[in-house]
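See structure below.
The values are calculated or read from the model by the stated rules, or taken from the named source; none is laboratory data. Just so it is clear, the model here is predicted, and its values are computed rather than measured. Quick reminder, even Gly has a Cβ in these numbers, built from the backbone with ideal geometry, and neighbours come from all protein chains shown. Surface areas here come from the heavy atoms of the whole protein model, side chains and all, with no ligands, DNA or RNA. Shrake-Rupley method; radii C 1.70, N 1.55, O 1.52, S 1.80 Å.
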Amino acid sequence: MPGRFLVVEGIDGSGKSSQVERLGHWLPRSGLMPAGARLLVTREPGGTPLGERLYPILLNRQSPIHSRAELLLFAADRAQHVEAVIRPALNAGHWVLSDRFSGSTAAYQGYGRGCSLELVHRLEQVATGGLTPDLTLWLDLSPQQARTRKPPSPQDRFEGAGSDFTERVAHGFRQLARERGWWRIPAGEPCTVVEAAVQAACHSTLAA
């Protein structure tokens with residue numbers, strides 16, 4: 001039986017990393033995973049040795065990268081991630097939980113950077129080989145709320161791109177959630193409330 005693939009998406013500051021960590025602890029004891037299945041927790045970029053090398057390049061504020069080049073680097077990272085990590089685990093019957101996947105590229109490079117959405121979609125199909133998540137959890141938080149959670153000084157290229165960029169990315173996530181049927185999680189609530197909503201979404205979608 002093939003495994004299940006879960007993704008957590010959202011803008012920077014939405015609480016993704018915290019919820020991925022909590023979900024990673026909860027899923028193996030949730031009763032949702034079949035006997036013998038293991039949970040692999042991964043992220044993009046950075047889920048492979050190639051991704052670990054690309055990660056500092058993509059986030060370095062001092063590295064000027066054209067938007068199309070940025071898009072292609074993320075696509076290369078995803079292709080390697082899918083073929084070397086995600087698909088083998090799923091084929092072995094294990095579950096995979098990823099902090100970001102192709103939705104982030106559509107939101108950040110498509111809506112945020114202004115790359116052609118048609119091009120973004122074509123590259124997504126190539127990079128994923130047609131693989132789509134069984135459940136995408138979208139942590140919905142306004143850019144204004146997210147800014148109150150982040151340090152005052154920008155930490156990377158995306159955080160330093162300005163409020164207009166973040167607004168475009170947030171709009172992109174809203175559009176993608178509607179188009180792709182993502183599960184919306186209101187992320188402005190206390191962490192334990194968000195965690196409970198995430199678990200409820202998993203039960204509703206993944207219970208046998």
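Below, the figures for the structure above:
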item	result
Inter-label distance, nm, simple model (7 Å from Cα along the C-beta direction), ALA76/SER204	4.0 nm
Per residue, in Å², the accessible surface of the stretch 1-77 once ligands and nucleic acids are set aside, probe 1.4 Å	51 Å²
Rounded percent of accessible protein surface that carbon and sulfur make up, the stretch 39-151, 1.4 Å probe	54 percent
Over 25 Å [Cα-Cα, the chain], rounded percent	35 percent
Scattering profile of the stretch 38-117 at q = 0.12, 0.15 Å⁻¹ [log10 I(q)/I(0), Debye over alpha-carbon scatterers]	-0.36, -0.54
The stretch 78-192 shape via C-alpha gyration tensor axes, a/c threshold 1.5	prolate
Spatial separation of Cα centroids for the stretch 12-76 and the stretch 191-208, in angstrom	20 Å
Cα gyration tensor category, rounded, prolate or oblate, for the stretch 1-56 with a/c compared to 1.5	oblate
Among beta bridges that DSSP assigns inside the chain, antiparallel share in %, nearest 5	0 percent
